[in-house]
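The values are calculated or read from the model by the stated rules, or taken from the named source; none is laboratory data. Here the structure is a predicted model, which is why all the values come from computation and not from measurement. Reconstructed Cβ throughout: ideal geometry from the backbone, glycine too, with neighbour counts over all protein chains shown.
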Amino acid sequence: MLYQDTVESEVLVHKPWFVASIFALVLALFLTINLTGTVMGEVMRPVIGDPLESGFYGRFAIAFVIAVMFCLNLVLIGFGPLIVQIVVVWLELLVLFIGFFNLFNLSLPFIWDNLPLLISQGVFTTLYVSAISLLFASMIAIVAAIAKLSTNGFAYGIASFYTSFFRGLPLLMQIYLVYLGLPQLGIVIDAVPSGILALSLCIGAYMTEIFRSGIASIDRGQWEASRSMGFGFGLTMRRIVLPQALPVIIPPTGNMFIGMLKDSSLVSVLGVWELTFLARTIGQPTFHHMEMLIAAAIIYWILSVCLEMIQGRIERHYARSKVR
Amino acid sequence: MTASKIHQLKNVPSQREPTDAADMLHLQPTSFQGPSGKKQVTMTSDKIIEATHVSKWYGTFRALTDVNLTVRKGERIVICGPSGSGKSTLIRCFNRLEAHQEGEITVNGIRLHNKMRNVTEVRKNVGMVFQHFNLFPHMTVLMNCMAGPMWIKDVPEAEAKKTALQFLERVRIPEQANKYPVQLSGGQQQRVAIARSLCMEPAVMLFDEPTSALDPEMVSEVLETMTSLARDGMTMVCVTHEMGFARAVADRVIFMDAGRIVEEAAPKDFFTKPQHDRTKLFLGQILQH
Ligand SMILES: Nc1ncnc2c1ncn2[C@@H]1O[C@H](COP(=O)(O)OP(=O)(O)O)[C@@H](O)[C@H]1O
Ligand SMILES: [Mg+2]
């Protein structure tokens, strides 16, 4: 939460200058777009006559009505309590979004037909690849983070080379390198393990930095207290430092994981049957590209929202020793 | 024990029968024998900390120069001196939070050196209380106290809990056991920190300015706890500028300046007839308020 001042100021959307400038902006925006041929034109027929004949007057009237509605909406939302404001804004944006997708003339039955496969095969593979990669990435990250914080030159060297290399290369490149490069060394692995390996190594490199900064954020006094009680390095790390670093580590890690969920789509280039691959292979031959892509997009979104909620829960759990 | 009684002690290292750590926490008849001769000093089992000719450098900066200090069982020693004189550095060398480069430090019969394997053994026997408490904020007060015995002394949970509650009782905050450290006042946190160290049943307690981060009205509750510890015979080395505490409790007061021990005397002599100009100046500065 931002720190709110205790002095109440007038709601922004109720300030005349703000509403006026928004009004002007919206009016200008819609004047540049000719909406006379759309539903809006039809709705305005009683006022402007035949929409297609109305010319500038019609355009202006439409833009004016839209601007008035928009500003009215803003002002009304401004009266609601916080939670109502949030819900209304979400719903309105969703409606706009659906309206936008409607323009594509999507075939809903086609989506319904393929949804089961998309979920049972695609979502499953995507989640499974991401989850295993996250697990490996965390393990790599912990070791590499400790190595980067250590005074051992050898360990530091390896760890910093690792993070530099894997953060420096595009993920797509790494996936190809693992899948096509390792066989050159005589190591042939399947597409799924290759994908997991590449993802783990790449995400692990980013997470190394998250873990490193998390561990480094712990006050020196904690180490000293722990050491002075006779706890060794492992115990101090496991029971004192990492538990305290977790609240610092979890938000960016959750962020990483949500990002990775979608980066896992890059594994589709190896022919792994995850969400993106399926969406494309089902959509392509039947010319239902858009349907499948949008369906997949919405599924990704829903998954991300779920992860966001899980992340929120974990954060609240770890916040308990901070509350007064 | 009353303050006047302590004043009779002068510069006499107290000579007591070694008892095990648990005993020391209970009231012990403090029988002080007469002036001890050099021959008694050689009894090694009696010395909890022995530092001889200790020097320490931070890089090229010499933080300690030829420090000699012996702490015997049951002794209470107060170290004072201007900021930056090396007080913290010295007591942090005693549990090897810092490494010394020259001289010898022996704690509870174990010599501290670079390649030692049993530093944990030393730390189990040396409790430390920090200026900023350094409680573990992610654990409850009770868990802070139970962690040490459970994790490195393999004490069963039930027993650790019993001991922890006992010591929380002793520092008079048993009712806070299930709170988190942030929910406590500074004075309470510091008393929990003391209880946490006591749970390890250490042979000696080190205090590094335990009251200097506290609001004035909380200083006394912590000092009272420390005084009662001293009364029960705990061996203590306290870095503090609480001269009232030093006068009432200390067997010896040590004055440090620029990494050296400048003066070492019984509180009575230390405050009434300091020998060195540096000590006089320092005492003048802190007592005039
Ligand atoms: N980690 C360190 N690195 C370098 N110099 C240090 C370090 N710790 C302490 N010092 C220096 O050593 C001297 C003694 O410090 P310290 O023991 O903390 O003094 P005191 O506790 O008496 O105020 C000071 O001059 C301080 O600047
Ligand atoms: Mg200090």
Is it true that B:L223 is more than 16 Å from ligand 1 (Cβ to nearest atom), farther than 22 Å from B:N95 by Cβ and touching a Phe, Trp or Tyr at 6+ places or on another chain (Cβ under 7 Å)?
yes
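Out of B:F255, B:F271, which single residue is more than 16 Å from ligand 2 (Cβ to nearest atom), touching a helix residue (DSSP H, G or I) at 6+ places or on another chain (Cβ under 8 Å) and more than 14 Å from chain A (Cβ to nearest Cβ)? Talk me through it step by step, then tell me what you get.
Values: B:F255 fails: more than 16 Å from ligand 2 (Cβ to nearest atom).
After ruling out the rest, the residue left standing is B:F271.
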Could you check region B:97-130 and list, in sequence order, the residues that are assigned to a loop (DSSP other than H, G, I, E, B), surrounded by fewer than 24 Cβ atoms within 10 Å (Cβ to Cβ) and either touching a residue at least 40 places away in the same chain (Cβ under 8 Å) or within 14 Å of ligand 1 (Cβ to nearest atom) (or both)?
B:L97, B:E98, B:A99, B:Q101, B:N108, B:G109, B:N125, B:F130
Going through (1) part of a helix (DSSP H, G or I); (2) modelled with pLDDT of 90 or more; (3) within 14 Å of another protein chain (Cβ to nearest Cβ) one by one, A:G230 fails only at (1)
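Of the residues A:L118, A:L134, A:L103, A:L108, which single one is modelled with pLDDT under 85, of a type in the set (A, V, I, L, M, F, W, C) and surrounded by 16 or more Cβ atoms within 10 Å (Cβ to Cβ)? Spell out how you get there, then give the answer.
Numbers: A:L134 fails: modelled with pLDDT under 85; A:L103 fails: surrounded by 16 or more Cβ atoms within 10 Å (Cβ to Cβ); A:L108 fails: surrounded by 16 or more Cβ atoms within 10 Å (Cβ to Cβ).
Matching residue, one of A:L118, A:L134, A:L103, A:L108: A:L118.
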Looking at A:V87, A:V143, A:V123 in this structure, which one is in contact (Cβ under 8 Å) with a residue 40 or more places away in the chain and surrounded by 11 or more Cβ atoms within 10 Å (Cβ to Cβ)?
A:V123
Hey, among B:M236, B:M205, B:M200, which residue is in a loop (DSSP other than H, G, I, E, B) and closer than 15 Å to B:M128 by Cα?
B:M200
Taking region A:93-126 and the residues there that are within 22 Å of the chain's Cα centre (by Cα) and of a type in the set (F, W, Y), the one that is nearest to A:A191 (Cα to Cα) would be A:F124
Between B:M139, B:M150, B:M143, which is touching a residue at least 24 places away in the same chain (Cβ under 8 Å), out of contact with any Pro (no Cβ under 6 Å at 6 or more places or on another chain) and either hydrophobic (A, V, I, L, M, F, W, C) or within 16 Å of ligand 1 (Cβ to nearest atom) (or both)?
B:M139
Are any residues in region B:77-96 near ligand 1 (Cβ under 10 Å from one of its atoms), within 14 Å of chain A (Cβ to nearest Cβ) and within 12 Å of the chain's Cα centre (by Cα), and if so, which ones?
B:S88, B:I91, B:R92
Scanning region B:205-238 residue by residue, the ones that are within 12 Å of chain A (Cβ to nearest Cβ) and more than 16 Å from ligand 2 (Cβ to nearest atom) total 1
Determine which single condition A:M207 fails, assuming it passes every other condition in (1) more than 14 Å from chain B (Cβ to nearest Cβ); (2) surrounded by fewer than 19 Cβ atoms within 10 Å (Cβ to Cβ); (3) within 21 Å of A:A144 (Cβ to Cβ).
(2)
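Can you find a residue in region A:213-224 that is outside any helix (DSSP H, G or I), away from every other protein chain (no Cβ under 14 Å) and at pLDDT 90 or above? Full working, then the answer.
To start, the set of residues in region A:213-224 that are outside any helix (DSSP H, G or I) comprises A:217-219.
Among the residues that remain, those that are also away from every other protein chain (no Cβ under 14 Å) are: none.
No.
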I need a count of the residues in region B:139-181 that are facing another protein chain (nearest Cβ under 9 Å) and either surrounded by fewer than 21 Cβ atoms within 10 Å (Cβ to Cβ) or closer than 21 Å to B:T227 by Cα (or both).
5
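Which of the residues spanning region B:233-247 are crowded, with 20+ Cβ neighbours inside 10 Å and away from ligand 1 (no atom under 16 Å from the Cβ)? Explain how you work it out, then say what you get.
Taking region B:233-247 as the starting set, the residues that turn out to be crowded, with 20+ Cβ neighbours inside 10 Å are B:233-240, B:242, B:245-246.
Within region B:233-247, B:G233, B:M234, B:T235, B:M236, B:F245 meet the criteria.
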Quick check: anything in region A:134-156 part of a helix (DSSP H, G or I), assigned by TED's automatic domain parsing to the domain that holds A:I298, over 23 Å from the mean Cα position of the chain (by Cα) and hydroxyl-bearing (S, T, Y)?
yes
I need a count of the residues in region A:15-60 that are touching a residue at least 40 places away in the same chain (Cβ under 8 Å) and either aromatic (F, W, Y) or not assigned by TED's automatic domain parsing to the domain that holds A:L76 (or both).
1
Restricting to region B:208-232, give me the number of residues that are in contact with a Gly (Cβ under 9 Å, 6 or more places away or on another chain) and surrounded by 23 or more Cβ atoms within 10 Å (Cβ to Cβ).
2
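So that you can scan it fast, the table gives a plain yes or no per residue for (1) free of Cβ contacts under 8 Å to residues at least 40 places away in the same chain; (2) buried (at least 20 other Cβ atoms within 10 Å of the Cβ); (3) small (G, A, S); (4) under 22 Å from A:S200 (Cβ atoms):
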residue	(1), (2), (3), (4)
A:A245	yes, yes, yes, yes
A:T253	no, yes, no, yes
A:V267	no, yes, no, yes
A:M290	no, no, no, no
A:A296	no, yes, yes, no
A:I299	no, no, no, no
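Scan region B:65-76 and give yes if some residue there is more than 14 Å from chain A (Cβ to nearest Cβ), within 16 Å of ligand 2 (Cβ to nearest atom), at positive phi and surrounded by fewer than 17 Cβ atoms within 10 Å (Cβ to Cβ), otherwise no. Full working, then the answer.
Of region B:65-76, the ones more than 14 Å from chain A (Cβ to nearest Cβ) are B:65-76.
Imposing the further condition that a residue be within 16 Å of ligand 2 (Cβ to nearest atom) reduces the set to B:67.
The next check asks that each one be at positive phi; those that pass are none.
No, every residue in region B:65-76 fails to be more than 14 Å from chain A (Cβ to nearest Cβ), within 16 Å of ligand 2 (Cβ to nearest atom), at positive phi and surrounded by fewer than 17 Cβ atoms within 10 Å (Cβ to Cβ).
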Out of the residues in region B:255-289 that are hydrophobic (A, V, I, L, M, F, W, C) and closer than 23 Å to B:A51 by Cα, which is surrounded by the fewest Cβ atoms within 10 Å (Cβ to Cβ)?
B:A258
